[in-house]
1. Using just the helices of the chain, give the 222 nm mean residue ellipticity in deg cm²/dmol: DSSP H runs with n ≥ 4 each add -39,500 (n - 2.57), and the total is spread over all residues, rounded to 500.
2. Size of the dipole of the chain about the Cα centre, Lys and Arg at +1 and Asp and Glu at -1 on the beta carbon, nothing else charged, in debye to 20?
3. If you only keep lysine pairs separated by 8 or more in sequence, or across chains, how many in the chain come under 19 Å at the Cα atoms?
4. Take the Cα of Phe336, step 7 Å along the line toward its Cβ, and report every residue of region 444-474 whose backbone nitrogen sits under 17 Å from that point.
5. Which FRET efficiency value, to the nearest 0.05, do you get for Val428 and Asp76 by plugging their Cβ-Cβ distance into 1/(1 + (r/R0)^6) with R0 = 35 Å?
6. Going through the DSSP H helices of the chain, which span 20 Å or more along their own axis at the Cα atoms while scoring at least 1.0 as a mean Kyte-Doolittle hydropathy?
7. Over all pairs of distinct alpha carbons, what does the Kirkwood formula give as the hydrodynamic radius of region 144-288, in Å?
8. I need the calculated FRET efficiency for the pair Glu48 and Ala86, taking r as the beta carbon distance and R₀ as 25 Å, to the nearest 0.05.
Amino acid sequence: MDRDSQALVPYPGATDPALVDDFSAVLEDVTGHRSTIGCVIPAYNEEESIGDVLRALLAQTRVPDVIHVVVNNSSDGTVRVASEFAGPHEVSTPLGDQFTEVFVHDIGKNPDKKVGALNYGYALVEGCEYLLGVDGDTVADPRAVEHLENEAVADSRIGGISAIYSIDDRGTHGSIARFLIAGQRTQFAAFNMQNLLRGRNMAVLGGQFSIFSTAALRQVMAEGHQSTPWVRDSEVEDSLLSLQIKSAGYLTKISPFARADVGGMTTLRAYDAQQVKWTYGAIELMWPGQRGDTKGQPFHPNLRLRWLENLSMLMNLFVRLAFVVLLAGSLSIDAFVFSAWWLIPPAVATALNLRIARSMRTRTARDYLFAALLVPAELFMWVRLSHFARSWTRFLSRKKVDNWAMQARAEKGGRSTYWLPFVLVAVVIAAAAVIWSMLGPVVQSSILWVGWPILGVVTVLQTVTMLFSLLRRHQGYEV
């Protein structure tokens, strides 16, 4: 009898009702296919945080099947702390008993830094269906991996999905650190909400805590003629990979449920270095013909939000500088007339900041005060404007710099020029004051007569935009 004929013969006792019932019961108990998740943690001098990161992963309701800590270029005790967790772990979770194993790899000096560590980790987990990328200072909520996996498995079109990020402000000491953390929490909240309201389409799958389909990564490598998913010729490796995943026909999403706390920057120089690197890298993606991506993709769907962000920052810079210059000029010739209409823009901005604070799931009194007092939010905007100006100046100057190295040096407390934009603004204002004093009354009056209406139109447009954001429904989302 051939094999096909054998397959048609009922197994002995197949017609026995008792056995049929038992077989049906077994089928009901069989769970669906369990995906495999390999976790990669690139770690650079994360001695203080890597223990909390690993404890949070081992406390997940869905524990990754394997966890690889890839330590690179570190000079502290990251390897020592991570090694305390190395080895097999049997974990009891609400979803049942699970098994994982933690491996610690010290790859020493690595010229490709975080990108090199990520690609090293990918080579270790490419046989898994999903790669979970976790930064060495990101602590996830207990159900974060479960939520990311459920959504990724439910829709095969998803190439990557990110958690909602915030910053835990507990244990923050010093007025500058508290100010910066409050500002970064607002910045993260606004960014997350913007992506959630855009159909949960995530422009940037942040490396802090995101899950990637390895099938999507393989397609990115094939279409980009790359030997690795992450490439070294980008300042923002996560933004570029997100763009490539989208171009490969996959979706890039943000989960409304998965959450993680990332490490915030607590000094001006460290925050400046991080933001300049991010903004500079984003500009390179937007501008055609940069670095290895010679064709450029300025109109890629994932970059539309970046263009809007840069346009918004340009308007913020213009409005503030123009207001300061025109106000000083008006006061110098006793031509300033107060109008209550100018109180509307800051009032709308305050209301919008308060709504952002209210949208945070872990909102605190400090978040509300940061928004309601206006002055902290305004000072933080000036700090962000300095990053914006430095990034574009550095890009347009065509000066080649290693922004990764500059960020690392700044985080260690090394020398930084984060204060330079403020000095330049002071010099420009001083020069403008000298030139103003040399002009005649007629010319001064003409400048004010033209300048104030232009500033008024731009301010009205900006205020209307803020009103739309203020009145837009959040659809029940919390960030």
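1. -17500 deg cm²/dmol
2. I would put it at about 2700 debye.
3. Close lysine pairs under the 19 Å cut-off: 10.
4. 445, 448-449, 451-453, 455-456, by backbone N distance to the label point.
5. Working from the Cβ atoms, E equals 0.25.
6. 420-438, 441-471
7. One over the average 1/r among Cα pairs gives 16.2 Å for region 144-288.
8. After rounding to 0.05, the efficiency reads 0.85.
Values in this text are rule-based calculations from the coordinates and carry no lab data. These numbers were taken from a predicted model, which means no experiment stands behind them. Neighbour counts are summed over all protein chains in view; Cβ atoms, including those assigned to glycine, are modelled from backbone coordinates with ideal geometry.
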